[in-house]
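A short worksheet on the structure shown next.
The values are calculated or read from the model by the stated rules, or taken from the named source; none is laboratory data. Computed from a predicted structure; not experimentally measured. No Cβ is skipped: glycine too gets one built from the backbone with ideal geometry, and neighbour counts run over all protein chains shown. Just so you know, the surface numbers come from the protein's heavy atoms only, side chains and all, with ligands and any DNA or RNA stripped out. Shrake-Rupley method; radii C 1.70, N 1.55, O 1.52, S 1.80 Å.
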Amino acid sequence: MNMRLFFTLVGASLLLAAFAHYFTQNEMFQFATSSLAIIFLAAWLGKSTESVAHYAGDRIGGFLNATFGNAAELIIAFFLVKEGLFDMVKASITGAIIGNMLLVLGLSVFLGGLKYKEQTFNSRLAGHNASLMTLSIVALFIPAVFMRELPPLKIETLSIVIAVLLIIAYILWLVFSMVTHRDFLSDIEPHGSEAVWSKGVSILMLAVSTVFVAIVSEWLVHGVQHVSQSLGWSELFVGAFVIAIIGNAAEHSAAMLLALKGRIGAAVEIAIGSSLQIALFVAPSLILVSLLIGKPMDIVFTPFELAAIGVATFITISITKDGATNWFEGVLLLTVYIILGTAFFFA
């Protein structure tokens, strides 16, 4: 898309969202315009991240794509915690995890598979990703099992211990994958694209787009509860699918474009790397942040959420363990995502 047209759309969506937030009382209109603005801002964030990644290299670039791609989800979740909407926070975390593994990865594998008969990536990295995804399942499953046996104070303490351990494990994974075993886990892939902006402009664009995402995310949260009640949608469905799809817009665009360029390894790293970052860093961080703002949130997820994360992890490990993908495997991932979305809608 032409850059002038792109920024015209970004600016128009942002002005429309600001008008709705400050000059109207229609919460449905406010939510719709804020959602539209978040999607365009996430695309801007994605372009900025991809441009910065061009200068930073593959490993750091993939990490930056995952981190700033998750900025929208993290900021939205923070404001939900601030409002005390813990059920919706956990649903949005669930939606972000399964959305990245099933929707983002599924679309990337499917579209890339239509262009290339088979795409390959580092199978060793796939194995480590599988182990980390299993760790996240264990960490979320244990508090749910002990919930009925422990009093609230001990559940809160258990949540803090698990949150700290997951953050430590994630930091050590970054050291392992980017420092001590960087070459062991790297992919050799074609780089057929140039950076959109210079290095300095790319960093500036990344900072500015993140600030705007933070502002519009707060507007979005103000109307989300009213919208869920007006439409008769559960907080579980709104958090797990509506908010998650909006927040995943950056990953959608970045991962699919990379897959279409034959860089499925980078696309897999963005999709699965984002899920791992949500499970091992973002969710635990929100637990600790909730303590700081005086509204402690536990790490106990519902059986629906645990089942969804478990199913998504199982099918993703099954498809990526051999380090090769094709378009039909993308169909399988998308099918599971639609099944879960339908189940959450009726739950």
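Could you name every one of the helices (runs of 4 or more DSSP H) located completely within the stretch 164-263 that has at least 3 residues being out of contact with any Leu (no Cβ under 8 Å at 6 or more places or on another chain), at pLDDT below 80 and over 30 Å from Ala307 (Cβ atoms)?
Output list reads 199-231.
Which of (1) out of contact with any strand residue (DSSP E or B) (no Cβ under 8 Å at 6 or more places or on another chain); (2) assigned to a loop (DSSP other than H, G, I, E, B); (3) touching a residue at least 12 places away in the same chain (Cβ under 8 Å); (4) among the small types (Gly, Ala, Ser) is the odd one out, the single condition Gly294 does not satisfy?
So Gly294 meets the others, but not (3).
Looking for something modelled with pLDDT of 90 or more, more than 22 Å from Asp87 (Cα to Cα), in a loop (DSSP other than H, G, I, E, B) and not small (Gly, Ala, Ser) - is there at least one such residue anywhere in the stretch 298-316?
No, the conditions are met nowhere in the stretch 298-316.
Can you tell which of Ser285, Ser275, Ser290 is over 19 Å from Ala169 (Cβ atoms) and either hydroxyl-bearing (Ser, Thr, Tyr) or modelled with pLDDT under 85 (or both)?
Answer to the check: Ser290.
Where in the stretch 76-153 are the helices (runs of 4 or more DSSP H), entirely inside, with at least 1 residues that are without any contact (Cβ under 8 Å) to a residue 40 or more places away in the chain?
In the stretch 76-153, 123-146 are the helices (runs of 4 or more DSSP H) which contain 1 or more residues that are without any contact (Cβ under 8 Å) to a residue 40 or more places away in the chain.
Filter the stretch 280-293 for residues that are open to solvent by 60 Å² or more (accessible area, probe 1.4 Å) and over 13 Å from Ile97 (Cβ atoms) and give the result.
Matches in the stretch 280-293: Leu291, Leu292, Ile293.
Across the stretch 297-310, what is the total count of residues that are within 26 Å of Val109 (Cβ to Cβ) and either open to solvent by less than 10 Å² (accessible area, probe 1.4 Å) or without any contact (Cβ under 8 Å) to a residue 60 or more places away in the chain (or both)?
Selection size over the stretch 297-310: 4.
Given the residues Glu269, Glu329, which is the only one that is among the acidic types (Asp, Glu), assigned to a helix (DSSP H, G or I) and either without any contact (Cβ under 8 Å) to a residue 24 or more places away in the chain or more than 22 Å from Ser177 (Cβ to Cβ) (or both)?
The match here is Glu329.
How many of the residues making up the stretch 29-48 are modelled with pLDDT of 80 or more and aliphatic (A, V, I, L, M)?
6
Quick one: count up the residues across the stretch 128-165 that are in contact with a helix residue (DSSP H, G or I) (Cβ under 9 Å, 6 or more places away or on another chain) and either crowded, with 17+ Cβ neighbours inside 10 Å or of a type outside the set (Phe, Trp, Tyr) (or both).
26
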